[in-house]
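Data first, discussion second: the structure below is written as structure tokens.
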Amino acid sequence: MIDSTRLLDLVGRFADARVVLHGDLVLDRFILGTPKRISREAPVIILRHEEQRDLPGGGANALANLAALGVKATVVAAVGDDEPGRALRSSLESRGIDTTGVVSVPGYRTPTKVRILGGGSSSLKHQVARYDIEDELPDDGAWRSRMLEHLKNSISTAGALAISDYGYGCVRPQDLQDLPHSQPTGPWLCLDSRYRIGRFAGVDGATPNLQELEVHAQRRLSSDEMVAAAADELRRELGARFVLATRGNRGMTLVEKEHDPHHIPVYGSDEVADVTGAGDTVIAVLTASLAAGARPLEAAWLANIAAGLVVMKLGTAAVSADELRHAVAIAGGADDSS
């Protein structure tokens with residue numbers, strides 16, 4: 001039984017929690033327009049430009065979620081010395097996020113996902129095209145030394161470090177080996193890695209989705225028992241205290257050292273509006289909860305509720321502390337199905 005009073009108390013502690021995020025920052029850029037006519041040059045719609053919206057994406061979306069939760073959030077990362085990099089910094093700073101640890105890398109193009117949306121002026125806009133600007137950071141340079149110095153300094157007062165690895169080269173496994181952390185007194189190191197989750201030995205926890213866990217396990221995972229077994233294999237390989245596997249409309253599975261698996265049912269409806277950035281919300285709420293003093297199971301329940309809320313929102317979105325508090329109050333206590 002998870003005590004809702006305890007969960008509400010943890011959400012109330014978010015304002016005093018400190019979380020550092022180290023990872024790949026992405027700018028989500030939305031270009032909105034209204035249909036004008038069919039082009040005479042090609043069979044495509046011409047849109048009349050209305051506005052441009054810039055939102056934090058990738059690891060920056062996890063930061064936006066941390067800020068929405070009221071957490072004291074700091075970021076250690078790299079962006080390009082370009083317009084998207086400046087726009088991303090501005091977007092984070094407008095949310096009260098400390099960007100002192102964001103370094104600029106000359107010649108690096110800030111990862112930018114540009115979505116072009118069209119529709120009537122008073123109707124819902126639909127995506128008609130998308131293009132991505134993607135670079136990989138160089139392995140070394142003076143900028144990386146500065147970034148790692150920021151990382152070592154920032155985690156000294158943090159309750160948790162969220163590692164967001166989208167494959168653009170900001171995060172390197174070897175850089176995390178020397179970080180000072182020692183449970184139960186040191187900061188939690190929690191990993192969200194898209195392509196190489198098995199390479200980060202030494203983290204305290206990891207949050208693979210089902211597809212990432214299947215790729216790592218090299219087999220299909222079609223039952224609760226198979227997911228739990230693969231998650232525990234990953235946990236032992238990493239030397240981690242826990243692995244939280246997110247499973248879409250099947251909820252989540254938590255495996256912990258010296259504990260039986262917990263299968264947490266999906267919160268809310270299993271019919272989702274948009275899964276964009278749901279993993280960013282999970283790592284944000286998980287690390288915020290751990291920094292606030294939660295046990296992994298309590299943090300997993302809060303992350304599960306937050307994920308159920310964010311997938312009902314369109315586009316890159318965040319969950320606020322008030323939304324989470326309201327959802328916990330409605331849900332009350334619930335037995336897990338382990």
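The values are calculated or read from the model by the stated rules, or taken from the named source; none is laboratory data. These figures come from a predicted structure and were not determined experimentally. Neighbour counts are summed over all protein chains in view; Cβ atoms, including those assigned to glycine, are modelled from backbone coordinates with ideal geometry.
Check 234, 221, 238 and return the single one that is touching a helix residue (DSSP H, G or I) at 6+ places or on another chain (Cβ under 9 Å) and more than 23 Å from residue 169 (Cα to Cα). Even if it seems obvious, please write down each step before you answer.
Working: 234 fails: more than 23 Å from residue 169 (Cα to Cα); 238 fails: more than 23 Å from residue 169 (Cα to Cα).
Checking each option against the conditions leaves just 221.
Quick one: would you say residue 24 is among the acidic types (Asp, Glu), in contact with a Lys or Arg (Cβ under 6 Å, 6 or more places away or on another chain) and either at pLDDT 95 or above or surrounded by 13 or more Cβ atoms within 10 Å (Cβ to Cβ) (or both)?
no
For residues in the range 211-223 being among the charged types (D, E, K, R) and within 14 Å of residue 243 (Cβ to Cβ), which is surrounded by the most Cβ atoms within 10 Å (Cβ to Cβ)?
Taking the range 211-223 and keeping what is among the charged types (D, E, K, R), we get 212, 214, 219-220.
Filter once more, so that each one left must be within 14 Å of residue 243 (Cβ to Cβ): 212, 214.
Working: 212: 22, 214: 18.
Going through the qualifying residues, I end up with 212.
Kindly indicate the residue of the range 269-311 that is aliphatic (A, V, I, L, M), at pLDDT 75 or above and outside any helix (DSSP H, G or I) and also nearest to residue 55 (Cα to Cα) among those meeting that condition.
The residue in question is 311.
Give the number of residues within the range 81-91 that are closer than 19 Å to residue 164 by Cα and either among the hydroxyl-bearing types (Ser, Thr, Tyr) or surrounded by 22 or more Cβ atoms within 10 Å (Cβ to Cβ) (or both).
So the answer is 3.
Before we move on, is residue 48 surrounded by fewer than 20 Cβ atoms within 10 Å (Cβ to Cβ) and touching a Phe, Trp or Tyr at 6+ places or on another chain (Cβ under 7 Å)?
On the way: surrounded by fewer than 20 Cβ atoms within 10 Å (Cβ to Cβ): yes; touching a Phe, Trp or Tyr at 6+ places or on another chain (Cβ under 7 Å): no.
So residue 48 fails the test.
Do we find that residue 131 is out of contact with any Ser or Thr (no Cβ under 8 Å at 6 or more places or on another chain), closer than 22 Å to residue 30 by Cα, aromatic (Phe, Trp, Tyr) and loosely packed, with under 13 Cβ neighbours inside 10 Å in this structure?
Yes.
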